[in-house]
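Written out below as C-alpha cells is the structure these notes cover.
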Number of protein chains: 2
Amino acid sequence: MNIAPNLAVTRPTEAVLLAKWAQNVKRSQLQEILFAAAKPGIISFAMGLPDPELFPVKGLIRASRQVLASDSLALQYGPPFQPLKSRIVELMAKRKVVCREEQIFITTGAQQGMNLLARLLLEPGGQVLTEEMIYTGFQQVIEPYAPRVLSVPTDVRAGIDVAVVASLLARGACPAFIYAISSGHNPLAVSLTEAKRLQLVELARQYRIPIIEDDPYGFLNYGDEALPPLRAYDDQWVFYVGSFSKILTPALRVGWLVVPESLVPKLSVVKEASDIDTNTFTQRLISRFLEQEDIDLHLSMLRREYRARRDAMAQALREHFPAAAKWESPDHGVFFWVDLPYKVDTLALLDSALEKERVAFIPGQAFGVEPSNRATNCMRLNFSHSNPSLIREGIARVGKLVKEVLNRI
Amino acid sequence: MNIAPNLAVTRPTEAVLLAKWAQNVKRSQLQEILFAAAKPGIISFAMGLPDPELFPVKGLIRASRQVLASDSLALQYGPPFQPLKSRIVELMAKRKVVCREEQIFITTGAQQGMNLLARLLLEPGGQVLTEEMIYTGFQQVIEPYAPRVLSVPTDVRAGIDVAVVASLLARGACPAFIYAISSGHNPLAVSLTEAKRLQLVELARQYRIPIIEDDPYGFLNYGDEALPPLRAYDDQWVFYVGSFSKILTPALRVGWLVVPESLVPKLSVVKEASDIDTNTFTQRLISRFLEQEDIDLHLSMLRREYRARRDAMAQALREHFPAAAKWESPDHGVFFWVDLPYKVDTLALLDSALEKERVAFIPGQAFGVEPSNRATNCMRLNFSHSNPSLIREGIARVGKLVKEVLNRI
C-alpha cells in the first residue's frame, strides 16, 4: 500500500468523478420522447409490452396465496428453486429442446441472463458478432465493455445473413459470441428459416463460438408449427435465454438460461455478485402456477389473441399506409417492421405522431448498432399491447401522417 | 468491418473461451463447505439470515392480495413506483436522514445497488478504498474491475481507522469511492463512533471522494438510540445503500439508494441495462405493506427479539468459550466477531464443527481483502437466524471444540 503522489488525478471542481464510459451515459433523445409520451390517452405501438388484460391474474392470485401461506422458505434468501427448473425443462420440451435441470440457470429476468453471459464471455474491447439492427437492451448489455461490434445484415424475410457470418469467421473474426434472436426478431420481426438455423449452429460448432440465443417470443408463434430454437440443434454451443415476461407477466422478473452444465457454477458466482439470488417468492409463485394451471391453454389463448391483433394490424397497414410501405406479416413475436420511402424520417414523424395524433412507435434508427443510422425511414410497431380496435385506430392515424409527409415532399 | 486474419486467437480445443477474469471464477473452498452444510439439522451461525419466524407474513399476504386484485399495473413492466419512494423517504427520516423522492433510486436489492454505483464510478483497474476485513459481497462487486484495493485497518470497538484514510488521501490516493458500513459492520460487528462518522464525511467532502455507505442493518439497533448513518451528515458525498431484506423479508429483492439527484438519470440507464426494471409487483406489495401496517411496531419487535438473541449469544460465549476469546457485544446488526488465540485455525475448526457438532459459522479469513489471511484465528457468528435456545446449544458445542483444540496444542 505505497501510494505515490503521482497517483492523484485531477478532479472536476463540482461533480463526482464517474468512470469514463459513464460520463456520457444519459437517456437518448428517443428515450426522452418516449418517457414523456408514457401518458394515458396515447395509443402506444412503441414498447414490446404484453397486454395486462391477458395476464392470468386469477391463477397468479391463487398461486401467490398458496405459496405465502404454506411455504416458510418463500420469503427467505434461497438457492434456485428446484421444482421451477423441472417446470422449465417441461416448457423447453414444448419448443422441442431436450435439456436437463442441471443445465437450467434461473435469472432475474432475461435481461440479467444476457448480462451474466456477457460478463463471463466478453473481455473489455473484445469482439461481438450481431446484426446491424438489433434489440437495444442487448446493445446496452455490451456497451460497458466497449466491444468491437462485427455487424451483419439481415434479410427481413429469412433472417441474419449467414453467408456474411461465415465469411467473417473464415477471415479470422473471433467474437466472444454471436448474438441471435431466431424467432420473432426484435426489431425486424423475421424468424430464421430452418436452413439458416442449421447453418448458423454449424458455424458455431465449426469455429467453437457460442451463440447467445435470445428467445423471449419463442412461445408466441402464429403459424401451424413453430421451428425449434437454435438450442434444439446443439447443446454445447448455443446458450439459450428464456423469459416468462411475454408468456405470463413481466412483473415477476424471472427468466432462465439453458447452458452447458459446466457453466452453471461460474454463472452462480456472477449471479450472486449481481443480486444475491432470484426472488424466492416469485420463483415459487411461477412454479406453483405452472403446476396447477393449464399453461397450454393459456399459451393457445395468447396465440389466438395476438394472432388476431397481428391480422388487425396487417389489415390496417394495407388500408391506411401508402402502397410504397413495405412490411412482412410476422409469424412469431409481437412486432411489425415497416419500411417507408427513404424520404420519410421516422424520428421526425414520431414527434408529430405524438403531438398531433397521440400515437407512439419506435423509429428504426433506434436499433442500429452502427453510428450511421441506416433505418431512418423505418419503424417498429408493436401489436401485442393494444386491442384490435385501438390498433386500427392508431394505424389509421399514423398512416394519415405518413401520407401527408409524402405529399409534402 | 475489415477483419484481418491476425485477429484470430487460439481457442482451447474443448471448452468455451471465457473472459480472462472469469476463467478462474469458482466457488471458494469455504463456499463449497457451506453449500454442503446447508442441510436441516445444522445450527447455522454462518449466513446473515433473518429468522423466517419473524417475517410479517400476515401483513404481506394481505398486501399481496390487495395489490394483485386491485392494481392492473402491478404485473406489467413499469417505472419505479412513486409511492414506494415516499415510503422510503419516511423510513429514512426515522434514521434522521433528510431526503427527497427525487434522490431515491429503487433497486433489485441492495447488492444490485452497490453494483450500479460501482458501474458508474469505477474504471477497470481503478482504486477503491475499503477496510481490511469486509463483506464478501462487496468484494465480489469490485472483482471484475480488477481494482487496486487500498485497505485500511479497523478498530473493533470504534470502526474504520480514519487516520489511515486521511493519510492515504493526503499522500495522493484517489479512490473512485470509499466503501463503508457505518452501523453493525459485516463482519466486524462494530459501529462507527460519532467522531469517526464526522471525520470520515469531512474527508469525503475535502477530497471530493464519494462514500458508498452500505446500511442493511441500520434499523437493527439495540442501544437506547442509534447514531444516524453517514448520509445524515452529507447529502452530496455519501451514497446510501438501503435494504428491506433484514427489516421485512429478503425474498422480495427490493432495495434503494439515496444519491444526489443528478446521478438518478445515469443510474436508470445502467439499471435498465441490468434487468429492465425492479419487480413492479413486490415494489407495490412493500409500499402497500408500509402504508397499512405499523412498521414501527414491527421494527420494535425485531429489535427486542434480536437483542434477546444477542444477549443469549454473549452469555453463551462467556460460559462456553475460553477466557482468551475476545469479542464485543454489538449494539447494531446481526453478528459477533470472535477473536481466538492465534493457534486456533478457524477454517479447520469449521470442518470439525460441521462434522462432529453440526454447527456452522464463517471463518474470519473469508473476509480479508488481502491475500495474506490475517484473521485465521477469528470467526463471524450470526445471531439473528437462530432462536436463543439454539444459540445456547450451538455456542456450547463450538466452545467445546475450541477448548479441545487449545488443549491439544
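Observations on the model:
- Take the accessible area of chain B alone and of chain A alone, subtract that of the pair, and you get about 7800 Å² summed over both chains, using a 1.4 Å probe.
- The mean number of partner chain beta-carbon atoms within 10 angstrom of a residue's beta-carbon across peptide A:200-213 is 1.
- All Cα-Cα separations within the protein assembly as shown were binned at 10 Å from zero, giving a P(r) of 2, 13, 22, 25, 20, 12, 5, 1, 0, 0, each value a whole percent of the pairs.
- The value of relative contact order for chain B, using C-alpha pairs under 8 Å at least six residues apart, is 23 percent.
- Number of partner chain Cβ atoms within 10 Å, mean per residue of B:299-305: 0
- Copies compared at A:P371 - label distances in nm, ascending, label defined 7 Å from Cα in the Cβ direction: 4.2
- Per residue, the solvent-accessible area of the protein assembly as shown (1.4 Å probe, heavy atoms of protein chains only, all protein chains present) comes to 38 Å².
- Here the contact order of the stretch A:257-395, divided by its residue count and restricted to Cα pairs under 8 Å and six or more residues apart, works out to 25 percent.
- For chain B: rounded, prolate or oblate by the Cα gyration tensor [a/c cutoff 1.5]: rounded
- Other copies of B:R358: label-to-label distances in nm, shortest first, labels 7 Å along the beta-carbon direction: 6.7
- Surrounding net charge for A:A308, when Lys and Arg each add one and Asp and Glu each subtract one, Cβ distance under 12 Å: +3
- Sequence-ordered 3J(HN,Hα) estimates for the stretch B:249-261 from the Karplus curve with 6.51, -1.76 and 1.60 and θ = phi - 60° stand at 7, x, 5, 6, 6, 10, x, 8, 10, 10, 9, x, 4 Hz, glycine and proline given as x.
- Prolate/oblate/rounded label for the stretch B:354-409 (Cα gyration tensor, a/c 1.5): oblate
- Each other residue within a Cβ distance under 11 Å of A:V141 adds +1 if Lys or Arg and -1 if Asp or Glu, for a net charge of -3.
- For B:L198, inter-copy label distances in nm, listed shortest first [label point 7 Å out on the Cα-Cβ vector]: 7.8
- Distance cut-off 16 Å, percentage of C-alpha pairs in the stretch A:19-101 lying past it: 77 percent
- The Rg/Rh ratio of the stretch A:102-215, with Rg taken over Cα atoms and Rh as the Kirkwood radius over Cα pairs, comes to 0.94.
- Shown for chain A: the carbon plus sulfur share of the solvent-accessible area, taken with all protein chains present and a 1.4 angstrom probe, equals 51%.
- Alpha-carbon centroids, the stretch A:265-285 and the stretch B:339-395: separation in whole Å: 25 Å
- All other residues whose Cβ lies under 13 angstrom from that of A:M114 are scored, Lys and Arg at +1 and Asp and Glu at -1, for a net of -4.
- Of B:M114, B:M301, B:M92, the one that fluctuates the most in a GNM where chain B has Cα springs shorter than 10 Å: B:M301
- Calculated [θ] (222 nm, deg cm²/dmol) that DSSP helices of n ≥ 4 give over chain B, each run adding -39,500 (n - 2.57): -12500 deg cm²/dmol
- The residue list B:P330, B:F289, B:V264 was ranked by how far each Cα lies along the charge dipole of the stretch B:256-337 toward its positive end, using unit charges on Cβ atoms, and B:P330 comes out on top.
- With the highest mean first, a sort of the peptides A:251-258, B:101-108 on other beta-carbon atoms found within 10 angstrom per residue produces A:251-258, B:101-108.
- Average beta carbon contacts from partner chains per residue of B:100-109, 10 Å cutoff: 2
The values are calculated or read from the model by the stated rules, or taken from the named source; none is laboratory data. Note that the structure is predicted; figures quoted are calculated from it, not measured. Heads up, the Cβs are rebuilt from the backbone with ideal geometry, glycines too, and the neighbour counts pull from every protein chain shown. Ligands, DNA and RNA are stripped out before the accessible areas are found, and what is left, the full protein with its side chains, is counted by its heavy atoms. Shrake-Rupley method; radii C 1.70, N 1.55, O 1.52, S 1.80 Å.
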